[in-house]
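Report on the following structure.
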Amino acid sequence: MSEDSSKEIAVVFGSGGGIGFEIIQELKKSNQFSKVYGLGRNSNPNINIFDEKSYENVANEISKHNLKIKLLINAIGFLHDDKFKPEKKFQEINIEYIKKSFSINTIPTALILKYFTPHMENKKKSVIATLSARVGSISDNYLGGWYSYRASKAALNQLIRTASIEYKRTNKNLIVVALHPGTVNTNLSMPFLRNKKYQTTEQAAKKLINVMLNLNEKDSGLLLDYNKNTIPY
């Protein structure tokens, strides 16, 4: 990485995913940032989301060039794979599925907050946003099921809420939010799209970016949907 330290940059985790990739494309087209960095397994620098040292190394790379981040987005997420799928009842709970859900949906945000907060713009507004989900809302849970995914997203929401309280004391210009992208036509959602209205990744990315660029300090700590409506935790 090398960039004029006076210019603002954006960083997107999950560059290989459907929404993450599209967010990067839309941010580049917006011309609002001098550089947009996409981070993933195959990026340069790359990120291993299961290795804490990897987060520290990438953060240090930014620090080395005195770069300040104006917008940081975590688009990493996991719902199912060839081995695991969302549980319909308690009897389907599997410890490896729970571990994987938290390892991908929750812990990366904690490590991003730990290592990247010091490199966020602090003299004017900056934003850390992480993709969450409406099903992570405890008070909005009327259907049940999906234990691992719901729990990992609820924990993610708590991280954002707690961090926002700390940042009000340490960096009042930093806004942190959890965002619900809606139902989007991605590999994550594909098995569950039948008879549902959904957005394309491009549509979702545009709406999410619009929300992120129009946040204010009162929004910090909230779970918001793609139309900036507040979802109760």
Practice item. Report whether or not Arg150 is crowded, with 18+ Cβ neighbours inside 10 Å and either without any contact (Cβ under 8 Å) to a residue 40 or more places away in the chain or among the charged types (D, E, K, R) (or both). Key: yes
Practice item. Might you let me know whether the stretch 45-52 holds any residue that is surrounded by 15 or more Cβ atoms within 10 Å (Cβ to Cβ), touching a Pro at 6+ places or on another chain (Cβ under 6 Å) and modelled with pLDDT of 95 or more? Key: yes
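Does Glu166 qualify as being touching an Asp or Glu at 6+ places or on another chain (Cβ under 7 Å) and either acidic (Asp, Glu) or within 21 Å of Leu67 (Cα to Cα) (or both)? Lay out the reasoning, then the answer.
Details: touching an Asp or Glu at 6+ places or on another chain (Cβ under 7 Å): no; either acidic (Asp, Glu) or within 21 Å of Leu67 (Cα to Cα) (or both): yes.
Spelling it out, it is not the case that Glu166 is touching an Asp or Glu at 6+ places or on another chain (Cβ under 7 Å) and either acidic (Asp, Glu) or within 21 Å of Leu67 (Cα to Cα) (or both).
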Check your understanding: in contact with a strand residue (DSSP E or B) (Cβ under 9 Å, 6 or more places away or on another chain), aliphatic (A, V, I, L, M) and closer than 30 Å to Gly145 by Cα, is that true of Ile93?
Key -> no
Check your understanding: Inside the stretch 207-223, can you point out the residues that are surrounded by 13 or more Cβ atoms within 10 Å (Cβ to Cβ) and either free of Cβ contacts under 8 Å to residues at least 12 places away in the same chain or within 19 Å of Asn173 (Cα to Cα) (or both)?
Key -> Ile209, Asn210, Val211, Met212, Leu213, Leu215, Glu217, Asp219, Ser220, Gly221, Leu222, Leu223
Practice item. Answer yes or no: is there a residue in the stretch 50-65 that is aliphatic (A, V, I, L, M) and either touching a Lys or Arg at 6+ places or on another chain (Cβ under 7 Å) or within 25 Å of Asn216 (Cβ to Cβ) (or both). Key: no
Practice item. Kindly indicate whether any position in the stretch 211-218 is touching a strand residue (DSSP E or B) at 6+ places or on another chain (Cβ under 7 Å), at pLDDT 95 or above and among the acidic types (Asp, Glu). Key: yes
Check your understanding: Taking only pairs six or more apart or across chains, which ones have beta-carbon atoms under 7 Å, a first residue in the stretch 96-111 that is without any contact (Cβ under 8 Å) to a residue 12 or more places away in the chain and under 15 Å from Tyr147 (Cα atoms), and a second residue that is in a helix (DSSP H, G or I) and of a type in the set (Gly, Ala, Ser)?
Key -> none
Point to revise | Unmet criterion (only one of (1) farther than 19 Å from Ser101 by Cβ; (2) part of a loop (DSSP other than H, G, I, E, B); (3) of a type in the set (A, V, I, L, M)) for Ile49 | key: (1)
Review point. Which one of Thr130, Thr117, Thr109 is surrounded by 14 or more Cβ atoms within 10 Å (Cβ to Cβ), modelled with pLDDT of 95 or more, touching a Pro at 6+ places or on another chain (Cβ under 9 Å) and of a type in the set (S, T, N, Q)?
Key: Thr130
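The values are calculated or read from the model by the stated rules, or taken from the named source; none is laboratory data. No experiment lies behind these values; they were computed from the predicted model shown. Note: ideal-geometry Cβ built from the backbone for every residue, glycine included; neighbour counts use all protein chains shown.
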